[in-house]
Amino acid sequence: IQSLIIDCDPGVDDAVALFLAFAAPELEVLAVTTVGGNVPGALTQRNARMMRQIAGREDVPVFGGAERPLKRPPAGAGDFHGAEGLGDLEPFAPTGIIADGPAANAIVDLVMKRPAGSVAVAVLGPMTNLALAMKRERRLAEHLGPVVVMGGARSEGGNVTASAEFNIWADPDAAAVVFGAGCEVIAFGLDATHQVRATEDRIRAIEKIRTEPARTTAALLRFSQRTERQATGEAAPPLHDPCPIAWLMRPDLFTLKPCRIEVETNSELTRGHTAVEFRVDPAAARHRWAVAADAQGVFDLLAETLKAKK
Ligand code: BDR
Ligand code: CA
């Protein structure tokens, strides 16, 4: 069983990723930490607590984190996630409390008190919290297990600008810290996540499952289907954030290539671009880039996991 901290900005697809991880027998979720991203931090932490309650996982602490990127003004992606971040779900005040202490401290504490290499971190939003944690504790990078991230764009370009994907674009300086830290980072950028699309059949398969997390997941996917159609004309929206979680559960669903990833932090034109260099010594490479995904396999895994109660 892999111990895991999930750092996220729910966010419709973050919410689906949380449901997948909360129900996964392969994963022990130690904590959820939140960051301002798709919507402001006050909402992402409330949304994480809402999802925790729907999943019946109040045993997992939720820590609030950075409200803004390291150097840039806060961004937002309300067009794709709705004004409150969870599509058209009716917001409610969760009963579970927010845990004490900023997310960056929680990450340091949880990782440093466990054996080196044993705790994975999934970053599903701007990387501000993990970057702050690395600045706070210099030994964190070498103590971390795999860092799995949703972020980056390469072959088909970005989704915010021609060059950049939202999570990296929102806080390029934090992403540069994380990719430069020397820890193992596995990146699921748009090359992979744009292959994992919620087609009508796949949404229907989830609509048939009679658990609360499945019902909520289906509603979130329906919302994404509508917004994707309006924004891009595509019939099936990509399911970004569940990809790194799915990889931790079933690595065979993805094809990864060893590489070195660097982030553009200076140019306004290409801000947040991920330069992915494959001409590296595979044995020494610290980064891997997802080039292909078994989309049906990811959706089958999501459906099977949401069916089974943990
Ligand atoms: C990423 O940006 C956010 O809007 C999504 O939640 C995902 O993490 C996709 O570019
Ligand atoms: Ca996200």
_the chain, Cα convex hull volume normalised per residue, Å³_ = 116
*Once amide H atoms are placed 1.01 Å from N in the peptide plane, what residues at a sequence separation of 5 or more from VAL119, or on another chain, have their amide H within under 5 Å of its amide H?*
GLY145
*Which GluC sites (Glu not before Pro) in the stretch 143-211 pass both tests, a DSSP loop state and at most 14 other beta-carbon atoms within 10 Å?*
GLU156
*Which whole-Hz couplings ³J(HN,Hα) result when phi for each residue of the stretch 152-167 is put into the Karplus expression 6.51 cos²θ - 1.76 cosθ + 1.60, θ = phi - 60°, listed in order with x for Gly and Pro?*
x, 8, 9, 5, 9, x, x, 10, 9, 10, 4, 9, 10, 8, 3, 4
*Ellipsoid semi-axes in whole angstrom, largest first, where each is sqrt(5λ) of the Cα gyration tensor of the stretch 66-137*: 27, 17, 12
*Cα-based convex hull volume of the stretch 196-295 per residue, rounded to whole Å³*: 145
*Looking at the P(r) of the stretch 123-180, how many percent of alpha-carbon pairs lie beyond 13 Å?*
59
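Checking understanding here: applying a Kyte-Doolittle mean of at least -1.0 and a length along the axis of at least 15 Å (C-alpha), which whole DSSP H helices in the chain pass?
12-23, 41-54, 212-232, 295-307
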*Taking the Cα centre of the stretch 52-203 as origin, work out the dipole magnitude from +1 charges on Lys and Arg Cβ and -1 charges on Asp and Glu Cβ, in debye rounded to 20.*
640
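Read-outs: derived from the displayed coordinates by stated rules, not from any lab. Owing to the predicted nature of the structure, the values given are computational and were not obtained by experimental measurement. Positions of Cβ are backbone-derived with ideal geometry, glycine not excepted, and every protein chain shown enters the neighbour counts.
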